[in-house]
1. Identify, from the list A:39, A:29, the residue that is away from every other protein chain (no Cβ under 14 Å) and either over 20 Å from residue A:226 (Cβ atoms) or out of contact with any helix residue (DSSP H, G or I) (no Cβ under 8 Å at 6 or more places or on another chain) (or both).
2. Tell me which residues, restricted to region B:118-139, are over 30 Å from residue B:237 (Cα atoms), in contact (Cβ under 8 Å) with a residue 12 or more places away in the chain and not in a loop (DSSP other than H, G, I, E, B).
3. For region A:104-145, name all the residues that are away from chain B (no Cβ under 14 Å), assigned to a helix (DSSP H, G or I) and without any contact (Cβ under 8 Å) to a residue 24 or more places away in the chain.
4. Is it the case that residue A:59 is touching a strand residue (DSSP E or B) at 6+ places or on another chain (Cβ under 9 Å), part of a helix (DSSP H, G or I) and at pLDDT below 95?
5. Among the residues that make up region A:36-49, is at least one of them farther than 24 Å from residue A:149 by Cα, free of Cβ contacts under 8 Å to residues at least 40 places away in the same chain and within 19 Å of the chain's Cα centre (by Cα)?
6. May I ask you to list pairs of residues, at least six apart or on different chains, whose Cβ atoms are under 6 Å apart, with the first in region B:380-393 being in the same structural domain as residue B:33 (by TED's automatic domain parsing) and part of a helix (DSSP H, G or I) and the second being modelled with pLDDT of 90 or more and surrounded by fewer than 21 Cβ atoms within 10 Å (Cβ to Cβ)?
7. Give region B:140-151 a look and list any residue that's in a helix (DSSP H, G or I) and surrounded by fewer than 17 Cβ atoms within 10 Å (Cβ to Cβ), or say none.
């Protein structure tokens, strides 16, 4: 039985205008990400990795080609409905954690639910459950600045899980952490993949980190050179 | 996103804002405080004008000779006439015939023909000049709006007696001029039979000396027999003033054989005077408030400036919010509400400061206006308007920054450092 396709890239090109020069960051990339995948996208800097991450995360629209998120062509929907759709389907984890500094841990985790108009009580309960899942239930009232790097990243992971998304997209999730907390975060991701059945897409330059993934895609000069 | 959540996030931004935002708010505070203080002074002036003028009697109509097109303004002509109140030729003076002409108008209660002029007064070897009003004792005692402090009004059989205004009694001479004292006016001896209470304000009776008209005709040289400097009419009730005024005007135009074009008399009511003075104070208040509004405008530019910086600072957060599902409209609303809140806080502090200033001001500035005390009045509507305006200013100033924030592309915003 064919696995359910969640994100599909079809001959995707991304071209940036750098002054007079046109730079092709991606050149005709095609990729399927299926439910239950644990994919690592690797490549040296300048390989088109970040562009790939933005497109897979539906944060950007391709210059040429199509991207389907859960069967929907993302260049055919309005910016706002894409935002809402993205919020439901994809959870983001960033290298810099990117928590809202003025909101406490619980409020940060509640935020994606609030953008989906989930009732306050429900959102609060759900967010609390997820914080407990990442072992931060006792830190719910802390501001990001009162948390360690590893704790912040766990809050960010909790936030990415809030809307129960199909895919978790992690951009260098351990890049800002020491090796011990980094491996804790990685273990958490693996647990989410194994136990919760989440689809995980990890973008990294770290081959050791990538080796934990079940499927590795290597980018070079805007093209997939291995694992496509 | 639900509206209450947008409010919560906007409030969160405000509560965590830096000194810069508070300085911005200060701009609005100063503007609003200035407007509240100025308008409260203007309103206070209105109220005290009203209080003073209502003493003049809202049921009185005054007819005077000569006509000025902009009533109350410049009376044309140089070298005509001998007194400024009677700018033109003798024939234009008011006469007994004019009183006859209007006597039968319905609604008129009393008619008092008055002559007036200045004369020298001697009291205990001191000399001063004062305004003499020759009045019909019977009509006058019913028309006069200033109450007696001591003594009595003029009676029908009085001859060489006077009733004096409060200031003449109290402060014109070194020794107060009291009841039953004698003063010399133009070589005749007069006895003070009445002293009026302080009338205060505009055109009051404080500096006047009242005597029977027949006696006054002997003292004031340039008033012919049968002639008057003004005719004061009291109507049955203030509601009739306008209709009676029109009828008087029509009758006099017929009896004096003049038309609208060459009218040689003017006719005013104290009601009209009140309205005119209120117009003036109102215009003055609006003018000052407009100046204060400029500072609000500067405050608005300040808010816009801070909002731009704030959006720039929060670019990455905006990117994150968009990545996790915020729509453009959500972002727009958060920042718009935030700038509205800046206006609201500025407005609240501003009306607080403005009210404080306007309550302290009367104690700081005394003796404002003729014999009066500076008065301030803060109508609730002023506070509500001030608050609404500052919220609107905040939101208008925030429109462009908020729109920009909403249009940020998530990719670009996330990359922003």
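1. None of the others qualify; the one that does is A:39.
2. Hits for region B:118-139 are B:118, B:119, B:120, B:121, B:122, B:123, B:126, B:128, B:130.
3. A:125, A:128, A:129, A:132, A:137, A:138
4. Taking the combined requirement at face value, the residue does not satisfy it.
5. no
6. Note: pairs meeting the criteria are B:391/B:344.
7. Once the filter is applied, which keeps residues that are in a helix (DSSP H, G or I) and surrounded by fewer than 17 Cβ atoms within 10 Å (Cβ to Cβ), region B:140-151 yields only B:142.
Each row is one residue, and each column tells you yes or no for (1) within 20 Å of the chain's Cα centre (by Cα); (2) modelled with pLDDT under 85; (3) assigned by TED's automatic domain parsing to the domain that holds residue B:330; (4) not in a loop (DSSP other than H, G, I, E, B).
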| position | (1), (2), (3), (4) |
| --- | --- |
| B:27 | no, no, yes, yes |
| B:45 | yes, yes, yes, yes |
| B:72 | yes, yes, no, no |
| B:80 | no, yes, no, no |
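The values are calculated or read from the model by the stated rules, or taken from the named source; none is laboratory data. Please read these numbers as outputs of a predicted model, since none were measured by experiment. All Cβ positions, glycine included, derive from the backbone under ideal geometry; neighbour counts span all protein chains shown.
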